[in-house]
Amino acid sequence: MPKETDVQCKGFLFDLDGTLVDSLPVVERSWQFWAESYDVDPQAVLDFIHGKQAITTLRHFMPGKTEAEIQAEFLRLEHIEATDLDGIQALPGALELLEHLEANAIPWAIVTSGSIPVAHARHRAAGLPQPAVFVTAEQVKRGKPQPDAYLLGAELLGIAARDCLVVEDAQAGVQSGLAAGCHVAAVNVPPETPELREVDFVLSTLATLRVEKLPDGTINVTQNA
């Protein structure tokens, strides 16, 4: 079970896909098309991809290919994902939460496993505010579930990782946030995710998250029932 307590932090690190933006139909369309093109089990691909960099998935399912072939396939897939924006929209509570953070000068960043073309296209399509820090796959050597992306996000915000609240929807992202030493809020994460007992909040929607900036500048975060 998650911890039954309020959380004090100094900034937020948000995943993008599935956390702030509903891109699931696009993601599944793109990867199913790819899987069928290479005679790979589409369900196996869909079970694997969430929270991970696309290049990680391609390497996993193309073990006999050279790195040059995998990179070429990545560019083809990236173009498909960056140009298919049908159905992209902000998830419930996402826009309101980000606007609240902006209005109260609370630091926040987007930390995604997506590449620049894909992540920026989906962010724009969802109509979300522009973060001061936008970490994408190109900026880290090791993707989620390794801690590198969230450590970098915290560093670029100028906040210690232990003082950041990671908001994530995928098991790999939850693992990444925990490994980075951050507080973690899991939103719509599969209930069988083992790490849920270690997170601070388990959310069905961002609309239940309450954020208050205290007079000393500390950010108090609670969850509505």
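The values are calculated or read from the model by the stated rules, or taken from the named source; none is laboratory data. Predicted model only: the values in this text are computed from it and were never measured. Here the Cβ positions follow ideal geometry from the backbone for every residue, glycine too, while neighbour counts run over all protein chains shown. Side chains included, ligands, DNA and RNA excluded: accessible areas come from the protein's heavy atoms. Shrake-Rupley method; radii C 1.70, N 1.55, O 1.52, S 1.80 Å.
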When residues of region 68-98 are limited to those that are part of a loop (DSSP other than H, G, I, E, B) and open to solvent by 30 Å² or more (accessible area, probe 1.4 Å), the one farthest from Ala119 (Cα to Cα): Pro92
Restricting region 32-52 to residues that are part of a loop (DSSP other than H, G, I, E, B) and within 20 Å of Asp22 (Cβ to Cβ), the residue that is nearest to the chain's Cα centre (by Cα): Gly51
Residue count, region 179-202 (criterion: acidic (Asp, Glu) and not in a loop (DSSP other than H, G, I, E, B)): 2
Out of Thr56, Thr5, sole residue that is in contact (Cβ under 8 Å) with a residue 40 or more places away in the chain, more than 19 Å from Thr205 (Cβ to Cβ) and in a helix (DSSP H, G or I): Thr56
Yes/no for Glu212 being in a helix (DSSP H, G or I), acidic (Asp, Glu) and open to solvent by 40 Å² or more (accessible area, probe 1.4 Å): no
Residues of region 110-155 classified as in a helix (DSSP H, G or I), under 17 Å from Val167 (Cα atoms) and in contact with a strand residue (DSSP E or B) (Cβ under 8 Å, 6 or more places away or on another chain), total: 7
Considering residues of region 145-194 that are surrounded by fewer than 17 Cβ atoms within 10 Å (Cβ to Cβ) and of a type in the set (Asp, Glu) only, the residue farthest from the chain's Cα centre (by Cα): Glu192
Residue check, Leu128 surrounded by fewer than 22 Cβ atoms within 10 Å (Cβ to Cβ) and of a type outside the set (S, T, N, Q): yes
Residues satisfying the stated conditions in region 99-109, i.e. assigned to a helix (DSSP H, G or I) and open to solvent by less than 40 Å² (accessible area, probe 1.4 Å): Leu101
